[in-house]
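K.L.:
Here you go, one structure.
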Amino acid sequence: MIVLSGAIGAGKSSLATVLSEHLGTEAFYEQVDNNPVLPLFYKDPKKYAFLLQIYFLNKRFESIKKAMVQDNNVLDRSIYEDSLFFHMNADMGRATPQEVKVYDELLANMMQELPYAAAKKAPDLLVHLDISYDTMIHRIEKRGRSYEQPEQDPTLPEYYKQLLSRYDGWYDDYDYSPKMKIDGDKNDFVENPEDRQKVLDLIDEQLRARGTLK
Ligand SMILES: Nc1ncnc2c1ncn2[C@@H]1O[C@H](COP(=O)(O)OP(=O)(O)O)[C@@H](O)[C@H]1O
Ligand SMILES: Nc1nc2c(ncn2[C@H]2C[C@H](O)[C@@H](COP(=O)(O)O)O2)c(=O)[nH]1
């Protein structure tokens, strides 16, 4: 299983589609447009941060179990980033210490079950999409989900900045699997075929080195 990571708008869903088509495998997408809690969270983060986190955790676990049955299936966000989101929201006062404790223990408990529920415990490769703040905002605007737009809520730019800054340390500390970084500012794998091929070649190289691509 290949897992993608990166901030909101980094290009994870787009790369999941491109990569799974290239490898002839299946992509598994985060629950966004059909997620009933996400718009509520953006309207009232303090009330819904914990519920949203439990919602994502449950859906993510479900996807991991399905994705892990075949080499090189692609997940468009890692379960390891959920904790980054939740701890940041908790630090912003949107979750209580008790909620954080319950979440952390539930996550740890579920992760322990993974070797039984799925074929492997960890991904074969993490592909991290690294983007700047300007790119993040541009892509969020380009995609146009109303509740994510900075003009809907003046606190969102600061939320996005903080999120992005936490990703640097998060990637450096990530050690559950081999990992690689792609420059998401410079490589337009959505519109530019040359960039797309370059990114796919970089990922193929890593997969060959791990023996999951012949
Ligand atoms: N590398 C890229 N270059 C240019 N546009 C991109 C790139 N990656 C994604 N986009 C565009 O940015 C928006 C957000 O991409 P998306 O794949 O939904 O990001 P994520 O899943 O990480 O939130 C979409 O409109 C998409 O077409
Ligand atoms: N509070 C949280 N929000 C999350 C989490 N995972 C995703 N999200 C939000 C961020 C975006 O608005 C949306 C989809 O994310 P993309 O990066 O795929 O665009 O969902 C989370 O764990 N906690």
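The values are calculated or read from the model by the stated rules, or taken from the named source; none is laboratory data. The shown structure was predicted, so the numbers you read here are calculated from the model rather than taken from an experiment. Here the Cβ is made from the backbone with ideal geometry for all residues, glycine too, and neighbour counts use every protein chain on show. In case anyone asks, the SASA skips ligands and DNA or RNA and just uses the protein heavy atoms, side chains included. Shrake-Rupley method; radii C 1.70, N 1.55, O 1.52, S 1.80 Å.
K.L.:
Quick check on the stretch 23-39. Is at least one of its residues over 25 Å from residue 130 (Cβ atoms) and touching a Phe, Trp or Tyr at 6+ places or on another chain (Cβ under 6 Å)?
P.N.:
For the stretch 23-39, residues over 25 Å from residue 130 (Cβ atoms) and touching a Phe, Trp or Tyr at 6+ places or on another chain (Cβ under 6 Å): present.
K.L.:
Does the stretch 175-186 contain any residue that is open to solvent by 90 Å² or more (accessible area, probe 1.4 Å), assigned to a helix (DSSP H, G or I) and at negative phi?
P.N.:
The answer is no, given that none of the residues of the stretch 175-186 is open to solvent by 90 Å² or more (accessible area, probe 1.4 Å), assigned to a helix (DSSP H, G or I) and at negative phi.
K.L.:
Is it the case, given these coordinates, that residue 159 is within 27 Å of residue 23 (Cα to Cα), within 16 Å of ligand 2 (Cβ to nearest atom) and open to solvent by less than 40 Å² (accessible area, probe 1.4 Å)?
P.N.:
Here the answer is no, as residue 159 does not meet what is asked.
K.L.:
Within the stretch 65-81, count every residue that is surrounded by 19 or more Cβ atoms within 10 Å (Cβ to Cβ) and either out of contact with any strand residue (DSSP E or B) (no Cβ under 7 Å at 6 or more places or on another chain) or farther than 19 Å from residue 105 by Cβ (or both).
P.N.:
11
K.L.:
Would you confirm, using the coordinates I've provided, whether residue 28 is more than 16 Å from ligand 1 (Cβ to nearest atom), within 18 Å of the chain's Cα centre (by Cα) and crowded, with 18+ Cβ neighbours inside 10 Å?
P.N.:
no
K.L.:
Could I ask something else about it? For the list (1) more than 12 Å from ligand 1 (Cβ to nearest atom); (2) touching a residue at least 60 places away in the same chain (Cβ under 8 Å), I need the number of the one condition that residue 18 fails.
P.N.:
In the conditions (1) more than 12 Å from ligand 1 (Cβ to nearest atom); (2) touching a residue at least 60 places away in the same chain (Cβ under 8 Å), residue 18 misses (1) alone.
K.L.:
Then there is this: Going by what's in this entry, would residue 147 be described as within 13 Å of ligand 2 (Cβ to nearest atom) and open to solvent by 40 Å² or more (accessible area, probe 1.4 Å)?
P.N.:
Judged against the criteria, residue 147 is a match.
K.L.:
Right, here's the next one. State which residue is farthest from residue 155 (Cα to Cα) when the search covers only the stretch 88-128 and only residues that are buried (at least 17 other Cβ atoms within 10 Å of the Cβ) and of a type outside the set (A, V, I, L, M, F, W, C).
P.N.:
Here the answer is 124.
K.L.:
Here is a further query. Would you tally the residues in the stretch 138-172 being more than 17 Å from the chain's Cα centre (by Cα) and over 24 Å from residue 83 (Cβ atoms)?
P.N.:
Residues flagged as more than 17 Å from the chain's Cα centre (by Cα) and over 24 Å from residue 83 (Cβ atoms) within the stretch 138-172 amount to 10.
K.L.:
Give me the pairs: first residue in the stretch 128-147 and closer than 19 Å to residue 35 by Cβ, second residue open to solvent by 70 Å² or more (accessible area, probe 1.4 Å), beta-carbon distance under 9 Å, and six or more apart or on different chains, which are they?
P.N.:
Final answer for the pair search is 145/33; 146/152; 147/43.
K.L.:
Which of the residues belonging to the stretch 38-53 are among the aliphatic types (A, V, I, L, M) and surrounded by fewer than 17 Cβ atoms within 10 Å (Cβ to Cβ)?
P.N.:
If the condition is that a residue be among the aliphatic types (A, V, I, L, M) and surrounded by fewer than 17 Cβ atoms within 10 Å (Cβ to Cβ), then 40, 51 are the ones that fit.
K.L.:
Moving on to the next point. If the requirement is being under 25 Å from residue 176 (Cα atoms), among the β-branched types (Val, Ile, Thr) and in contact with a helix residue (DSSP H, G or I) (Cβ under 6 Å, 6 or more places away or on another chain), which of these qualifies: 74, 37?
P.N.:
Matching residue, one of 74, 37: 74.
K.L.:
With the checklist (1) open to solvent by less than 60 Å² (accessible area, probe 1.4 Å); (2) more than 16 Å from ligand 1 (Cβ to nearest atom) in hand, flag the one item residue 131 doesn't pass.
P.N.:
(2)
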